[in-house]
1. How do A:127, B:80, B:10 rank when sorted from fewest to most other Cβ atoms within 10 Å of their own Cβ?
2. Got the relative contact order for chain C handy, in percent, Cα pairs under 8 Å and 6 or more residues apart?
3. Assuming R0 = 56 Å, can you tell me the calculated FRET efficiency for the pair residue C:478 and residue A:102, based on Cβ-Cβ distance, to the nearest 0.05?
4. With 29 Å as the limit, write out which pairs from C:111/C:346; A:119/B:275; A:139/B:300 have Cα-Cα distances beyond it, or answer none.
5. Which aspartates and glutamates, if any, have their Cα less than 12 Å from the Cα of residue A:200, not counting same-chain residues under 8 positions apart?
6. As an exercise, use a Förster radius of 25 Å and the Cβ-Cβ distance of residue B:174 and residue B:239 to find the FRET efficiency, rounded to the nearest 0.05.
7. Compute the distance in nm between two label points, each set 7 Å from the Cα along the Cα-to-Cβ direction, one at residue B:193 and one at residue C:432.
8. Using a Cα-Cα cut-off of under 18 Å, which lysines could be cross-linked to residue B:22, ignoring same-chain neighbours fewer than 8 residues away?
Amino acid sequence: MTYLFIILYAITLIYFALSERVKKFVWLLCMQGFMLFGIVFFSLHKIEIFDFIFILTETILVKSLIVPWFLNKVRKHNQLKRIQETSVPVFFSIIVVVLSLIFSFFLSNFLNSNQIHTKYFTVAFASIIFGIYFIIIHKNIFSHVVGYLIIENGTFLLSLAVGSVMPMMVNLAILLDVLMGVLVLGVFINRIGDAFESTKIDQLSSLKD
Amino acid sequence: MISLLLILISSLFFVGIIVKTKAKIAARKMPSVLQPVYDVVRLFKKGAVYSQTTSAIFKMAPLVYFASVFLAVLFIPIGSQKALLSFDGDFVFFAYLLGIGKFMMIIAAMDTGSGFEGMGANREALYSMLVEPAFFILVGSVALFTNNVSFQDLFLHLKLDTNLYYIIGIASIYVFVYIAMVENSRMPVDDPKTHLELTMVHEVMILDNSGFDLALIHIVTWLKFSIYGALISNFIISNSWAIYWQIAAFFGIQLAFSLTVGILEAFKARNKMEKNPQWIIMLSAISIVVFLTVLIITEKIILN
Amino acid sequence: MLSKAPKLTNYLVLKINMMIFIFIIFALFLSISIFISRNKLVNYFSVSLFSIALFALTIYSYIHINQFDSIYYKFDALGVLLTAVLSLLSLFSFYHSYLYLKRKSNNLKQKAQYYSTLILFITAMISAYFAENLALLWVCIEATSLFVSILIFHSRTKDALEATWKYLFISSVGLAIAFIGILFLSIVASQNGVNNLNFTNLIQAAQNMDILWVKIAFVLILTGLSVKISIFPLYAVAIDAKTIAATPVNALMSTALVNVGFVGIYRMYLIVAQTTTLIWAQHVLMLVGVLSILIATIQLTRVRRFKRLLAFSSMEHMGIVTIGLAIGGVGVYAAILHLIFHSFVKAGMFFQLGAIRNHFKSIWIKDTGNYFKINPLGAIALLLGVISILAIPPSGLFVSELLVFKALFFKNYLIAILVLILLSIIIYIIIKRFAHLLYADVADDLLNKEAQINPYENISQFILFGLVIYLGVNPPLFFTDLIHAAIAILN
């Protein structure tokens, strides 16, 4: 069952490359949250019950509900409907995401170490590469935050791949940090949207000498 | 033999059901399900008119088109019913049979010397080229999954026992539905009802065909839909079922497929022309995910 | 009674063993009380209380050196050194913040926000210095970037918005990359039976680690933390942020925050130093250091604002520190020495820049001049600062740079010559720009006529520059001992 959600997660990455509407980005982030929930639910039976419940709540509450809800609010505030400002045609983005998926699947085959759960590593690595790519090709700060969240989802999967090395307290702190980061970033998107009347990155280039 | 008959029977009703669904959704008065058949019969009664600029290719093309697709039908099994023809690697042959027909239609369209038809042919060629990897990767990964390389064995040995099979099944059905749409130049790629030559793809290619030729082209469209419906049904029908269940399931799936096409066409807007390539390449992307899934199942990629 | 006594002592030991947690809670309390009350008196009282607590913590950590403080913190020598630097700098920074806010506006709400965030920022940095756990260090660094972005945004202009956005976003992405590095490191750690990411355990287990993973982790963490330490590759956002931020905040951003980044990289360096891949890591660091100095030189030829000038100068000095790490041996000693001296000098320069800002309507280089006539005492402080920052004797930076270059000449004299040429260009540019400020004629309408000369403003700069000269010429024994203790694990 874990594989089902992993494959579905990979498909969400393809849809990220395909879609151009901001609304769809938020929706896909929400979907990714549910995929992560599924992955955790079907794979982490062995850990302690408290940790298990904590990670489940993290994925379902924070990743699939609170963050998308908040981003949706930000989107409505800035009246973002459609984003056409990709510097690369979608056609190539799809090829890039497919290549990164293939690469990371074969890389995890090559790793095959008993310290890493390579099944999570597959999509985790692809997700991180694609998140960085997503940030590079978009010219809108809202999409940049979406790309950041794709990277964060990738790191979450990577931490599953590594196993529960980190103590729960630190995990909790990291989660709070990310959440705070997204909230602060969202607030700043709103401020930029108010001050510059748009969220395009081109305007943010006055600090040069 | 049964599979050939089943496909031929279902093809008669396919387009009729699509039209009926669309009419129902748009709250229009519905024509009979057999209306496309009546249209074709009427066309058969008519003679063909040929432009003076066309050569023998133009007259030959619809026949070749029909013949190649009809030949392709012979390779499709249904459930435990064997196909008439089968050999190793026949799915490649199948794909290129469809390709030959399409090629003839494209050069026939160029043969007329009309600018519009050339444009339509250009687009049709591009979309077929883009959709080809999706088909091959998908069928190739299913072949890898079952370790067989002919349509018949491949579907006979498709087992429904792993969880991951459902991903392969669902994704394959999804991709095949849209391959069928692209191959038949239907909604997200092309709107068959459009009346503006600039935005047409398939319809503009056959502007010059009339009478008998046009009837053949219409029949080929039915057949193609039916072929893809049969392929999809093979992912669902298990060959352990009783024969009447298999036949009932086949018709049920064909009905569901035609209803799906009708609903999609009724609710979906046509893509922008420039969006089509990226949309079609997405199908290949999903087939690659299916391919990776198959690699995991068959333990070509070992994960822990 | 008897049965209760051991419990009580246990409790006390536990309590004392959590000094940094107590400090954090105390700081949070002060910060919140400032934020809620919005009262001048509460502001000043809390800030002075915080400064006292900071000094107390420094002394406490010096006494308890090399002891664990709960499992998450450890009072190690490097942390003690940098905390001492920070507690001195934050005291001055509070004073200059007071001056800055007095000149700028009278909005109590903004003032309260500023002070409470500044306290949290300093606390997060202290927590990062002493963090014994790699993941905890990451969390603290992320916290610093959140707090510092609020401080950058203090002026609430469009430019501030831009700088804040860029800083916050790029440092978040950078830290995400660093976190991936940490995860990779934890893979090799768990291979060797280390189940937490404590530095002590990691250093012990490092010898048997799989080199490939260590390399990947090192590069990723270096890339991620380069936002903080403002070296190549992710230097740009920190420069933009320093262009906008208030000078007292800048004084901490270019020094204490840079030190936070250094702590992260240095801890990683200690782990790598136990493995056979140290040479490779040193090559990487050398590359990064030389590239940083090169980029800083190129950028310095084009700067037109003093804040950017100082920010790029920080980048150059951090390049030298990185080269020091790359050399190893005496280079590491020199690197830490350089880091501390740079902290004092750069903070002093930024404080002085705050004073200069008062006399001119704009801080662009072309709009300034004749500072020697306007404020002679401040000009002397500035001149002393320029001499110090350029590592001209008697500045302490001269000593540390001399050590670095001596070692570098033995290691690879071609790189040494290249870096020296670049440094000469930098010296020329900086002298030219500051000479413009000090002596050039300036139009009357560019001056701020109402500005009053405040002689007390210069005290902190004289103290800092004097300290650098003193520590460079005649370093006290406890100071060198601390640095030696910090690098002891390498020998």
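Just so it is clear, none of the values below were taken in a lab; they were calculated from the coordinates. Since the model is a prediction, treat every value here as computed from it, not as a measurement. Note that each Cβ is placed from the backbone with ideal geometry, even for glycine, and that neighbours are counted across all protein chains shown.
1. Going from least to most buried by this count: B:80, B:10, A:127.
2. 14
3. Given R0 = 56 Å and the Cβ-Cβ separation, E is 0.45.
4. Over 29 Å apart, Cα to Cα: A:119/B:275; A:139/B:300.
5. Counting by Cα, and skipping residues close in sequence, residue A:200 has these aspartates and glutamates nearby: A:85, C:162.
6. 0.65
7. Computed distance between label sites residue B:193 and residue C:432 equals 7.3 nm.
8. Partners found: B:193, B:268.
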